[in-house]
Amino acid sequence: RAKDSGRNTFRFYESGMDLAVATRNLLEIDMRESIRSGGFALHYQPIFGLADGAPSGFEALLRWEHPVHGPVSPGDFIPLAEETGLITQLGAWALHEACREAATWPGDLRVAVNVSAVQFRKTGLEQSVLRALAFSGLPAGRLELEITESVLMQDSDAVIGCLHRLRTMGVRIALDDFGTGYSSLSYLCRFPFDKIKIDRSFIRGIDEPEAAAVVRAVVGLGERLGMAITAEGVETPEQLARVRRKGCTEAQGFLLGRPLPAPEAKALVAGQAAA
Ligand code: C2E
Ligand code: MG
Ligand code: MG
Ligand code: MG
């Protein structure tokens, strides 16, 4: 009996696994179809300079409207796109779309595009960037790529070489979600980032001495190393006052602006330009 129930338990577990795999496969098929049929969109979240209070640009964030399930969060579909390799296609599309959109913005507003570690592993990211810039006519200096420490953890000379070449072209490189990975500080020596984005977990906790100390230390590093510092996830006026006082150069978060569909983002900066 015990053996039977053990077997049943195992079977149940096994069929649970099958279900997960089946769901995953279906989502992969849907994702492929959505890439083809325009089911993905980019929303744009404003990033504000703290010196003048004006937007310096927007971060492009992928949105997926699943035909049946409705909106799927990037936290769910990005890992799947990375596992299946679809991120290469999706990422190339995002680069093109973001550059095309940013080329219509006034002034020298920048667009920041998130790039996955997987896109560096496969060759072709540089080509993608070059093509997106050429196709859109966007000056390289108005494109910023946001990478996480996982990109540098691949630790290959090829990755560092690629980042250097992109930067030589004038593309800016930002280190995203700073403070959440491993041995963060060593990465700052390995590559001359243009910007560090402090992860929102530190901004959320900024009224506690520990998180406040981290923010202050990162700002100090940024000043020494000539890197801009963006505070991510600013949700309250108190947090905004604190990150400004601590010397962050930019802020981003729901308090200042949520990610917006392209036309609304454009309207926001058109209004600013007129004012
Ligand atoms: P991320 O690059 O760190 O982007 C910031 C995330 O924080 C976004 O979530 C944004 O909506 C959210 N956020 C901004 N301000 C606030 C705030 O004040 N409070 C809170 N609670 N959240 C805030 P989202 O759009 O869900 O994206 C999640 C992650 O998915 C991104 O984190 C990025 O790692 C990834 N992602 C999104 N779009 C792309 C893409 O085009 N390519 C790649 N490779 N990854 C992407
Ligand atoms: Mg980002
Ligand atoms: Mg981030
Ligand atoms: Mg993040």
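The values are calculated or read from the model by the stated rules, or taken from the named source; none is laboratory data. Because the structure is a prediction, the values reported are computed rather than measured. Glycine also receives a Cβ, built like all others from the backbone with ideal geometry; neighbour counts cover every protein chain displayed. Surface accessibility is based on the protein's heavy atoms, side chains included, excluding ligands, DNA and RNA. Shrake-Rupley method; radii C 1.70, N 1.55, O 1.52, S 1.80 Å.
Odds and ends about this structure:
- Selection from GLY271, ALA140, PRO67 lying farthest towards where the dipole of the chain points positive, charges on Cβ: ALA140
- Cut-off 19 Å (backbone N to label point 7 Å along Cα→Cβ of ALA241), residues of the range 46-82: 50-53
- Calculated SAXS-style log₁₀ I(q)/I(0) at q = 0.15, 0.16, 0.17 Å⁻¹ - the range 64-213, Debye, Cα scatterers: -0.86, -0.97, -1.07
- If you bin all the Cα-Cα distances of the chain at 10 Å, starting from zero, the percentages per bin are 6, 26, 32, 22, 8, 4, 1, 0.
- Note on the chain: lysine pairs with Cα distance below 28 Å, sequence gap of 8 or more or different chains, count 6.
- Mean accessible surface per residue for the chain, computed with a 1.4 Å probe while every protein chain stays in place, in Å²: 51
- If you look at the Cα atoms of the range 117-182, you get an Rg and a Dmax of 12.1, 37 Å.
- The distance separating the Cα centre of the range 81-103 from that of the range 162-233 comes to 24 Å.
- Amide hydrogen neighbours beyond the local backbone of SER56, cut-off 5 Å, H modeled: ILE47, PHE48, GLY49
- Cα-based values for the range 37-121, radius of gyration first and Dmax second, are 14.3, 45 Å.
- Whole-number D in µm²/s for the range 180-234 (Stokes-Einstein; Kirkwood sum over Cα pairs; 25 °C, 0.890 mPa s): 213
- Calculated [222 nm] ellipticity per residue, helices only, for the chain: -17000 deg cm²/dmol; basis is -39500 (n - 2.57) per DSSP H run with n ≥ 4, divided by all residues, nearest 500.
- With K and R counted +1 and D and E -1, the other residues having a Cβ less than 10 Å from that of THR236 yield a net charge of -1.
- The chain, accessible surface, carbon-and-sulfur percent (1.4 angstrom probe): 56
- Taking the DSSP beta bridges with both ends in the chain, the antiparallel portion is around 45 percent.
- Spin-label pair ALA217-GLN272: with each label point 7 Å from Cα along the Cα-Cβ axis, the two points sit 3.2 nm from one another.
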